[in-house]
Amino acid sequence: MAKRILVVAASPRKDGNSDLLCERFIEGALEAGNIVEEVFLREQVIGFCRACDYCRDRDGAASVLDKMAEADVVVLATPVYFYTMDAQMKVLIDRTVARYATLANKEFYFIATMADGDKALMERTFEGLRGFTDCLPGAVERGVVCGAGAWAKGDIEGSPAMDEAYEMGLRA
């Protein structure tokens with residue numbers, strides 16, 4: 001049975017390294033017969049959380065959260081800035097506060113890229129993403145892709161992470 005997969009790409013840089021990994025994941029997921037949609041946070045206007053419990057219709061967060069709620073699988077993809085997720089991803093995560101219960105029982109995959117070549121340092125980023133999914137009822141982490149050593153646009157091409165993203169998409 002085909003799964004509905006939503007890929008949330010947080011990179012502010014179009015066609016950057018994390019975008020390229022998302023494309024490979026999508027190729028694998030489509031080959032496996034899934035239904036895939038990708039959302040680029042750089043194309044959304046999403047304000048920071050004001051803890052007002054009114055995240056439903058104020059800006060672009062509402063449509064992204066609707067798509068997350070409808071998906072069976074959510075892929076969170078971010079470049080790493082100072083060993084953590086970028087601001088675009090964090091703002092979206094914070095905006096789930098009023099609607100986190102609608103994100104119950106989802107499968108999650110994490111994709112991250114960073115300039116530093118030490119994959120162990122990327123664990124800080126994944127722990128931040130896990131902090132989010134740990135708060136969601138029934139959330140299950142299914143896999144991660146570490147795109148380390150990718151600074152300039154396109155550095156990720158030819159790296160093992162490209163094949164890992166494709167394989168992860170096939171298994172989604």
Principal axis extents for segment 77-116, Cα atoms only, whole Å, descending order, please. 35, 20, 11
Give the residue list of chymotrypsin sites (Phe, Trp or Tyr not before Pro) in segment 54-150 that are DSSP loop and have at most 11 other beta-carbon atoms within 10 angstrom. Tyr54, Phe82
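Where does each of Ser63, Ser159 land when they are ordered by accessible area, with a 1.4 Å probe and the largest first?
Ser63, Ser159
Nearest 5 percent is fine: what portion of the DSSP beta bridges confined to the chain is antiparallel?
5 percent
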Residues of segment 78-107 with amide N under 13 Å of a point placed 7 Å along Cα→Cβ from Asp134: none
Where is the GNM fluctuation largest for the chain (alpha-carbon springs, 10 angstrom cutoff): Ala51, Ala150, Ala71? Ala51
Summing -39500 (n - 2.57) over the DSSP H runs of n ≥ 4 in the chain and dividing by its residue number, what mean residue ellipticity at 222 nm do you reach, to the nearest 500 deg cm²/dmol? -10000 deg cm²/dmol
Would you please give the FRET efficiency between Glu157 and Ala115, computed as 1/(1 + (r/R0)^6) with r the Cβ-Cβ distance and R0 = 22 Å, to the nearest 0.05? 0.90
Highest GNM mean-square fluctuation, the chain, Cα pairs closer than 10 Å: which of Val97, Val64, Val145? Val97
Please check: in the Gaussian network model of the chain (C-alpha springs, under 10 Å), which one of Arg58, Arg95, Arg42 has the largest mean-square fluctuation. Arg58
What percent does the relative contact order of the chain come to when contacts are Cα pairs within less than 8 Å and at least six residues apart? 32 percent
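Tell me the Kirkwood hydrodynamic radius of segment 25-74 in angstroms, computed as one over the mean inverse distance between distinct C-alpha pairs. Walk me through the intermediate numbers first.
Details: mean 1/r = 0.0794 Å⁻¹.
When all Cα pairs of segment 25-74 are included, the Kirkwood radius is 12.6 Å.
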How big is the chain on each of its three principal axes, counting only the C-alpha atoms and giving the largest first in Å? 44, 39, 27
For Val36, which sequence-distant residues (separation of 5 or more, or a different chain) have an amide H within less than 5 Å of its own amide H, given hydrogens modelled in the peptide plane? Ile5
Given a Förster radius of 25 Å and the C-beta distance between Glu27 and Glu141 as r, what FRET efficiency does 1/(1 + (r/R0)^6) yield to the nearest 0.05? 0.70
Note to self: C-alpha centroids of segment 121-150 and segment 40-96 sit apart, in Å, by 15 Å
Förster radius 22 Å - calculated FRET efficiency between Thr102 and Glu37 (Cβ-Cβ, nearest 0.05): 0.85
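The values are calculated or read from the model by the stated rules, or taken from the named source; none is laboratory data. None of the values given here were measured: they were computed from a predicted structure. Ideal geometry is used to build each Cβ from the backbone, glycine not excepted, and the neighbour counts take in all protein chains shown. Surface areas here come from the heavy atoms of the whole protein model, side chains and all, with no ligands, DNA or RNA. Shrake-Rupley method; radii C 1.70, N 1.55, O 1.52, S 1.80 Å.
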